[in-house]
Amino acid sequence: MKPLNWSTVLNIFACLAICSSSLLHTTVAEEATSTIILATESSTASENVNEVTTDVMENTSTTATTTGTIAAISSTAESLSTRPPIDTSDTSQRPSIQRNSLGFDTKLLQTQQPSDCSQREKSSIQPIPTLSSRLLKCCPLGENLDIYRENQSDSMCENSGMSFEPTIISAVLYDNCIEDLEIVTTLSYQIGNPCNSSFQYDDGEDVFFVLQDGSLLVMDINRNDSYTIEKNYCIDVDKSGHMFAFTCITQVDEHLARGQMVTVAVLMLVSIPCLLLVSYLHMTLKNLRNLHGLCLSLMSLSLAMGFFVFSVVGIYGLPSGGFIGYVIQFLILSYYFWFFCICCNVILNIWYKLPQCVRLNKTWTYVNFGAYCLFTIIGPTVLVTLTVQKGLQGMPSYFIQGLTESIRESQRYFIPPVSTLLGLSFLAMVISFFGFQRIKTNGYLRAEKDEPTSNAPVPQFDQQKYEDVKKDAKCICLLGIIMIVTWLLEMTTFYSKGKEGYLLLCDMINGLQGVFIFLIFLVVRRRRTVILRWWYDRGSHNIEGTELQTVSKNTNPS
């Protein structure tokens, strides 16, 4: 081993001093180059002096690392300087919102710490779906909004082929944070706008979507972490496909007060026994079981069942939508259809059967009755089917006030058909009146009293049937007047804007229709006579001083 050369050591220390001085006054790149050169020159001396060589290598490694870091920063700065600027006005580029194809915001990502909702406080009120959870759609199914109509007083809905497919999300609510569970959720629709006055939101400018319990989540477009939950709202699309939401400033209470509903429901329960008694007697008593009696029996039975279901809903506060509402609608409509059939039966008797001396046997009587049954089943079924197809509630207008357009729209397959049937029934009663005048004028009654002048068989005018039809027509006319008056009172209640006391009186009179039917068709003289005869062992009761003729046992059932 060679002896240590002190001159070489001194040269190495001199080079290190020069290197330190250059690091203080030159750039980082020149510093790295000088260090690498010094490391190369000192490579021969490192074989002899291990400690000195180690110090030089550590210094060289540190300098190279610093040079690489500076180069990376320079490259990043150059890349950022060449990147195009971000348009902050485009909300779709916001990192906190992820939009789906329908325009609803389906997931909220946080831009500030914490990055998710796990560290936020969970809200005390969470959207929990129930069996009664509904998505509130403004227009009936198959119809869409007409926002930009010329006359704003016209209907806000129009027929359109635009599909309504809102996105419903399942979410957990936190303090200024929303966690989307990404669970597929479906809700049934409830048609109608519950608002008397409302705010309008457009999916082109606003952010809103439906939660799993049917409530509406409205987000602040200026603050992505701020939101509100709306229970009273409705959403729909227009003909261009834009989604609109209406949230209530003031909500409409379309139903009557709880006490009023119970009062009217109790009166309906009072009417039910009267209606059932009318139906039973006209179905079982032979002298009352003719075509008119069968129609009257089923008319009373339809109203009794409708009043029963209606009163149960009103007293116990059951949901009025869905299947129960459609059943009530069918029964009440059947009642009015049956009344129209009874009026038509009077026309048939007074204009055809009596003048032509037509006497239907039992078979043809039941065929005629079957035709009436078919009419009273098909008519209400078609109307209820249209109601279901449009997604409207089946509940008739009882207990409801039509304070908004959507509430009035929900009765399109109940109020107009009933009004039409009552109008046609009134027209039928007028035609029947002229039919009775025609029989008197043409001498049918006088010809019956005259003796026959020839031996040729002449059809006999049925005087007894004429009297029966005449008295039935009087009862029907009286019932028709009561039905028209009560219906006008019902319309007054429905379209009235106030809460006046006379509205309760109108509904109370409407609930007593069964009592009126009982008084008209069972308390009149002829039917009271028949009922008493049936009650006292079918004829053992002695009836004196009757103002009508004795009921014949061979009365034609038609």
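A residue that is among the basic types (Lys, Arg) and over 30 Å from Glu409 (Cβ atoms) occurs somewhere in the range 357-364. Among all positions in the range 358-370, there is at least one residue which is farther than 17 Å from Pro396 by Cα and touching a Cys at 6+ places or on another chain (Cβ under 9 Å).
The single residue among Leu275, Leu281, Leu303, Leu288 that is surrounded by 20 or more Cβ atoms within 10 Å (Cβ to Cβ), assigned to a loop (DSSP other than H, G, I, E, B) and touching a residue at least 60 places away in the same chain (Cβ under 8 Å) turns out to be Leu288.
Picking from residues in the range 127-167 that are exposed (fewer than 14 other Cβ atoms within 10 Å of the Cβ) and closer than 23 Å to Val207 by Cα, the one that is modelled with the lowest pLDDT is Tyr148.
Take the residues in the range 381-414 that are charged (D, E, K, R) and in a helix (DSSP H, G or I); name whichever of them is modelled with the highest pLDDT. Give the derivation first.
The initial filter retains those residues of the range 381-414 that are charged (D, E, K, R), namely 390, 405, 408-409, 412.
Keeping just the survivors that are in a helix (DSSP H, G or I) gives 390, 405, 408-409.
Values: Lys390: 85, Glu405: 67, Arg408: 77, Glu409: 76.
Filtering the range 381-414 for residues that are charged (D, E, K, R) and in a helix (DSSP H, G or I), the one modelled with the highest pLDDT comes out as Lys390.
With respect to the conditions (1) at pLDDT below 85; (2) under 23 Å from the mean Cα position of the chain (by Cα), Tyr201 lacks only one, and its number is (1).
On the given criteria, is Asn510 of a type in the set (S, T, N, Q) and modelled with pLDDT under 65? Give the steps one after another, and end with the answer.
Numbers: of a type in the set (S, T, N, Q): yes; modelled with pLDDT under 65: no.
Here the answer is no, as Asn510 does not meet what is asked.
Among the residues of the range 306-325 satisfying the criterion of being part of a loop (DSSP other than H, G, I, E, B) and not aliphatic (A, V, I, L, M), which is surrounded by the fewest Cβ atoms within 10 Å (Cβ to Cβ)? Explain how you work it out, then say what you get.
First, the residues of the range 306-325 that are part of a loop (DSSP other than H, G, I, E, B): 317-322.
This time we only want the ones that are not aliphatic (A, V, I, L, M), so: 317, 319-322.
Details: Gly317: 12, Pro319: 14, Ser320: 19, Gly321: 18, Gly322: 17.
Checking each candidate, the answer is Gly317.
Apart from one condition, Asn176 fits all of (1) surrounded by 16 or more Cβ atoms within 10 Å (Cβ to Cβ); (2) at negative phi; the exception is (2).
The rows are residues; the columns are (1) outside the structural domain of Gly394 (by TED's automatic domain parsing); (2) modelled with pLDDT of 80 or more; (3) surrounded by fewer than 18 Cβ atoms within 10 Å (Cβ to Cβ).
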{"site": "Asp180", "(1), (2), (3)": "yes, yes, yes"}
{"site": "Ile191", "(1), (2), (3)": "yes, yes, no"}
{"site": "Pro194", "(1), (2), (3)": "yes, no, no"}
{"site": "Gln212", "(1), (2), (3)": "yes, yes, no"}
{"site": "Leu216", "(1), (2), (3)": "yes, yes, no"}
{"site": "Gly241", "(1), (2), (3)": "yes, yes, yes"}
{"site": "Phe244", "(1), (2), (3)": "yes, yes, no"}
{"site": "Thr247", "(1), (2), (3)": "yes, yes, no"}
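The values are calculated or read from the model by the stated rules, or taken from the named source; none is laboratory data. Values in this document were obtained by computation on a predicted structure and should not be read as measured data. All Cβ positions, glycine included, derive from the backbone under ideal geometry; neighbour counts span all protein chains shown.
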